[in-house]
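*Asks:* I am attaching a structure below and will ask some questions about it afterwards.
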Amino acid sequence: MADANAAVAVVTVSLVLLGLLSGLSISWALLPVAVVVLIFVLASGLKGRDELAHLNVCVLVLGDIGRSPRIQYHALSLSRHGYNVTLIGFLGTKPHQDIIEDDRIDILPISELKGLTVGPRIFRYASKVIFQSFQLFYVLMKIEDQGYILMQNPPGLPAIAVTWVASRLRGNQFIIDWHNYGYTIMALTHGENHFIVKLAKWYEKLFGRFSDHNLCVTNAMREDLRKNWNIEATTLYDKPPPIFRETPLKLQHELFIRMGSTYLPFRPSLDVTKEYMELTAFTEHNTQTGAVTRSAGRPALLISSTSWTGKGPQKEYYKKLIDSKEFHHIKICTPWLEAEDYPVLLGSADLGVCLHKSSSGLDLPMKVVDMFGCCLPVCAIHFQCLHELVKHEENGLIFKDSKELSEQLKLLFSDFPGDQGKLGIFRKNLRESGQQRWDENWDHNVLPLIKEHCD
């Protein structure tokens, strides 16, 4: 229990410092001390470890579960191997149906606390961190005994410290799955030299070292964690699950019909009519024979996945920008897709475009992983470690600016819809690559770690 005492002391001091920095009086700033001591006293009376705890794993993200595909994949993989999963996070977007229907996965929602709405900005931010800390700590102390807590970072403030304290008190193994560095994301808004960013970096480097095990998304990140953070990690590349695959023509047509009921670009031209044919902009269904074919002279379907900067606050801005353009041969559609329709659309597209630029330069775009799972070639904007995923002139093209992207699009669609050009070659290469899927990748890199310490 000595390390647990130290953990409680470190977190308590951190909360007191945040209170003082926020302008609280000493009496109010010391309030966390009393609360943490109370929780510690209560925790000391917890029952002994459940003999079946090794079959329970808590999977945690201090974010929207529905927008955290990798965390959902972790949960499904654990369930597939017989583990009972408590999945903790915000319930903003609907999780994948496989998660909802899995009897071994119990979703435990937590509130997305906002903190106080009055006072200086740093005070409001500090209050949010404090409120989230005590909510998360309470939840982690309340759930049934777990063998492991697997947490996504970012977001890691205050999740890393709180989860570490809870895992020490309850005797859980603690894994951090590093997707990126949280402080680099904050730096995009505040700048690298902002006090909050420097504090977040110090916090992330300090508490990140306290985990029992670490996963990360690239070899570049693994090397950076080892060299600059003194953290040893296992690379677990994002890999597509089986739902990401080329979509059969019949399913493509059904999707286009559904989307055409809402979005004009998926509807056929008004001057095109054919007897006994159900038409979309891309496909034709013979209602007598049941055959589905691609429309002659169909347009190319280019897809660029975007989260519209979080939950969509900039969507209207970009829609106005798009509407101001006078395109003659291009139609732009900004649909909102259900989780089940997204892989079907990817598997129906002709080219993917990725505009993801990593804040740290050390993570890879999951959008491209999904596209490759559907054998969909991509054009992707260049950044530091993109070569670990996109092989230029093999499974796609890498560009550095809009001019270069424009030239690539003209090159790739020069013989469309023919399949003998570069676009067809890239797709053929993807089909023949025998790319690894998530389940195989997870079983090789994560399952041995879980079995070693939980069984």
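*Asks:* Could you order Tyr317, Tyr125 by accessible surface area, starting with the largest, using a probe radius of 1.4 Å?
*Replies:* The residues order as Tyr317, Tyr125, largest area first.
*Asks:* Pop the C-beta distance of Glu394 and Thr234 into the FRET formula with R0 = 30 Å and round what comes out to the nearest 0.05.
*Replies:* E between Glu394 and Thr234, to the nearest 0.05, is 0.70.
*Asks:* Spelling out what I want: for every residue of segment 187-199, take phi, set θ = phi - 60°, compute 6.51 cos²θ - 1.76 cosθ + 1.60 (Karplus), and round to whole Hz; glycine and proline get x.
*Replies:* Going residue by residue, I get 5, 4, 8, 9, x, 4, 9, 5, 4, 4, 5, 5, 5 Hz, with x marking Gly and Pro.
*Asks:* Inverting the mean 1/r over all pairs of different Cα atoms, compute the Kirkwood radius of segment 266-410 and quote it in Å.
*Replies:* Hydrodynamic radius (Kirkwood, Cα only) of segment 266-410 equals 17.4 Å.
*Asks:* While we're on this one: Taking a probe of 1.4 Å, how large is the accessible area per residue of the chain, in Å²?
*Replies:* Accessible area per residue, the chain: 50 Å².
*Asks:* Just to check, using Stokes-Einstein with a Kirkwood Rh over alpha carbon pairs, what's the diffusion coefficient of segment 337-407 at 10 °C and 1.306 mPa s in µm²/s?
*Replies:* 126
*Asks:* Collect residues whose amide H, placed 1.01 Å from N in the peptide plane, falls under 5 Å from the amide H of Thr234; neighbours closer than 5 in sequence don't count.
*Replies:* So Thr234 has HN proximity to Asn214, Leu215, Cys216.
*Asks:* So, one more: Normalising by the residue count of segment 89-160, find the relative contact order in percent from Cα pairs under 8 Å and 6+ residues apart.
*Replies:* Relative contact order for segment 89-160 comes out at 23 percent.
*Asks:* Residues with amide H under 5 Å of Cys354's amide H, sequence separation 5 or more or different chain, H placed in the peptide plane at 1.01 Å from N; which?
*Replies:* Cys379, Ala380, Ile381
*Asks:* Consider the candidate values (i) 1.01; (ii) 0.99; (iii) 0.95; state which one is Rg/Rh (Cα atoms, Kirkwood Rh) computed from the structure displayed.
*Replies:* Checking each listed value against the structure points to (i).
*Asks:* Related question: In whole percent, what relative contact order does segment 70-226 give with Cα contacts below 8 Å and a gap of six or more residues?
*Replies:* About 15 percent, as a whole number.
*Asks:* Now for a separate question. If you restrict to DSSP beta bridges whose two residues both lie in the chain, what percentage is antiparallel, to the nearest 5?
*Replies:* Counting only bridges with both partners in the chain, antiparallel ones make up about 15 percent.
*Asks:* Something else about it: At 1.4 Å probe size, with the rest of the protein present, what percent of the exposed accessible area of the chain is carbon and sulfur atoms?
*Replies:* That fraction is 56 percent.
*Asks:* Now for a different question. Ordered by residue, what ³J(HN,Hα) values in Hz, to whole numbers, does segment 108-122 give under the Karplus form 6.51 cos²θ - 1.76 cosθ + 1.60, where θ = phi - 60° and Gly and Pro are x?
*Replies:* 10, x, 10, 7, 8, 5, 9, x, 6, 9, 10, x, x, 4, 5
*Asks:* List the residues whose amide H sits under 5 Å from the amide H of Phe90, counting only those 5 or more places along or on another chain, with H placed 1.01 Å from N in the peptide plane.
*Replies:* Gly63, Asp64, Ile65, Ile110
*Asks:* Got a sec to turn the phi values of segment 427-438 into Karplus ³J(HN,Hα) couplings, 6.51 cos²θ - 1.76 cosθ + 1.60 with θ = phi - 60°, whole Hz, x for Gly and Pro?
*Replies:* After applying 6.51 cos²θ - 1.76 cosθ + 1.60, I find 5, 4, 4, 5, 5, 8, 6, x, 4, 6, 9, 4 Hz.
*Asks:* Can you give me the relative contact order of segment 185-282 as a percent, contacts being Cα pairs under 8 Å and 6 or more apart?
*Replies:* 15
The values are calculated or read from the model by the stated rules, or taken from the named source; none is laboratory data. Everything numeric here is computed off the predicted structure, so don't read it as measured data. A quick note on method: Cβ atoms are made from the backbone with ideal geometry, for glycine too, and the neighbour counts reach across all protein chains shown. These area figures cover heavy atoms from the full protein model, side chains too; ligands, DNA and RNA do not enter into them. Shrake-Rupley method; radii C 1.70, N 1.55, O 1.52, S 1.80 Å.
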